[in-house]
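Presented below is the structure to which this report refers.
The values are calculated or read from the model by the stated rules, or taken from the named source; none is laboratory data. What you are looking at is a predicted structure, and each value in this text was computed from that prediction instead of being measured. Heads up, the Cβs are rebuilt from the backbone with ideal geometry, glycines too, and the neighbour counts pull from every protein chain shown. What goes into the accessible areas is simple: the full protein's heavy atoms, side chains included, and nothing from ligands, DNA or RNA. Shrake-Rupley method; radii C 1.70, N 1.55, O 1.52, S 1.80 Å.
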Amino acid sequence: MQSLEIIYKILYSHYGDLNWWPADTPFEVIVGAVLTQNTNWNNVEKAIERFEGDLSPERIMSLPAEELENIIRPAGFYRQKTKYLKAVTEWFIGCSCDIDAIKSRPLPELRSELLRVKGVGNETADSILLYAFDLPSFVVDAYTMRLFKRLPIDAGKTYMEVKNFCEAQLPQDMELYNHFHALIVHHCKEHCKKKPECAGCPLEVICEKISL
Ligand code: SF4
């Protein structure tokens with residue numbers, strides 16, 4: 001059984017400090033976290049470019065649904081995501097778009113509130129908490145699940161089991177969670193693909209290659 005900190009240290013020393021999340025403002029992170037559902041980041045970038053630099057809560061709320069659907073079309077599921085974007089923006093406006101006030105609230109309460117917003121599930125909520133508000137909420141995604149299944153760690157099967165496992169094993173540190181998630185995603189794109197490329201993988205020394 002390996003500790004998560006060892007896995008983190010190996011990945012960090014191999015790939016270095018990855019700069020996440022690629023967005024200019026916390027609101028852009030919120031928008032990106034919704035748009036990235038069921039699609040890849042390239043499509044999210046294409047959709048965000050179509051706002052032509054004018055991406056604000058006020059604009060999202062004032063745009064007619066059909067226009068917003070047309071702008072975000074490259075991200076797929078654009079009708080559904082238009083509803084989700086309007087809902088999460090309404091929530092953000094309800095918080096006066098005040099990042100400092102949002103960050104000062106208890107994390108569990110904030111997370112529960114986000115999960116009640118239409119279209120916000122565990123991964124979207126945690127991405128918003130971690131990358132928009134710099135709060136220590138570990139993000140789990142399909143890459144995390146795939147990698148952890150192959151490594152000698154028993155993190156659990158469900159989203160919340162894996163999240164709780166990581167948060168119990170690691171210090172409650174926003175920067176660590178930020179870098180770790182970015183490293184896992186990067187590693188799974190470089191080596192631990194659906195069909196893994198184990199030659200040269202920095203984790204090969206500890207990996208049991210379970211579930212290949
Ligand atoms: S050795 Fe292979 S299966 Fe294990 S983490 Fe590396 S790429 Fe994934």
In the chain, once you exclude exposed GluC sites (Glu not before Pro) (DSSP loop, at most 15 other Cβ within 10 angstrom), what's the longest stretch remaining? 53-196
Potential extension, GLU67-LYS189 segment - 0.36 nm per residue separation minus Cα distance: 40.6 nm
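Calculate what fraction, in whole %, of the accessible area of the chain sits on carbon and sulfur atoms when a 1.4 Å probe is rolled over the protein chains.
Ligands and nucleic acids excluded, carbon and sulfur give 49 percent.
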Violating pairs (Cα-Cα greater than 18 angstrom) within the set LYS103/LYS163; LYS81/LYS118; LYS189/LYS209: LYS103/LYS163
Let me know the charge dipole size of the stretch 89-212 about its Cα centre in debye, to the nearest 20, where only the beta-carbon of Lys, Arg (+1) and Asp, Glu (-1) is charged. 620 debye
If you wrap a convex hull around the Cα atoms of the stretch 168-212, how much volume per residue is inside, in Å³? 98 Å³
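Within a Cβ distance under 15 Å of TYR143, other residues only, what is the Lys/Arg minus Asp/Glu net charge?
Values: positive: ARG146, LYS149, ARG150, LYS163, LYS189, LYS193, LYS194, LYS195; negative: GLU123, ASP126, ASP141, GLU190, GLU197.
Computed value for this residue: +3.
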Computed label-point distance, nm, for sites LYS83 and HIS14 using a 7 Å Cα→Cβ extension: 4.2 nm
Taking every alpha carbon pair in the stretch 85-167 and sorting the distances into 10 angstrom bins from 0 up to the bin holding the longest one, the percent per bin comes out as 17, 47, 25, 10, 1
Bounding extents of the stretch 29-86 in its principal axis frame from Cα atoms, largest first in Å, are 27, 22, 18
Pair-distance profile P(r), taking every C-alpha pair of the chain, with 10 angstrom steps and integer %: 8, 34, 33, 19, 6, 0
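For the chain, which DSSP H helices look membrane-span-like by this rule: Cα extent along the axis of 18 Å or more and mean Kyte-Doolittle of at least -1.0?
Details: long enough: 78-94 (23 Å, -0.67); 174-190 (24 Å, -0.19).
Answer set is 78-94, 174-190.
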Estimated distance in nm for a label pair at GLU175 and GLU208, the labels positioned 7 Å out from Cα along Cα-to-Cβ: 3.4 nm
Could you provide, to the nearest whole Å², the per residue accessible area of the stretch 26-132 with probe 1.4 Å? 47 Å²
Say each of MET160 and THR39 gets a label point 7 Å from the Cα, pointing the same way as Cα to Cβ; how far apart are those two points in nm? 3.0 nm
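With 24 Å as the cut-off, how large is the P(r) tail for the stretch 26-132, expressed as percent of Cα-Cα pairs?
Working: 948 of 5671 pairs.
For the stretch 26-132, the share of Cα pairs beyond 24 Å comes to 17 percent.
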What size of dipole, in debye to the nearest 20, comes out for the chain about its Cα centre when the only charges are +1 on Lys and Arg C-beta atoms and -1 on Asp and Glu C-beta atoms? 920 debye
Calculated from DSSP H runs of 4 or more alone, at -39500 (n - 2.57) each and per residue, what is the 222 nm mean residue ellipticity of the chain, nearest 500? -16500 deg cm²/dmol
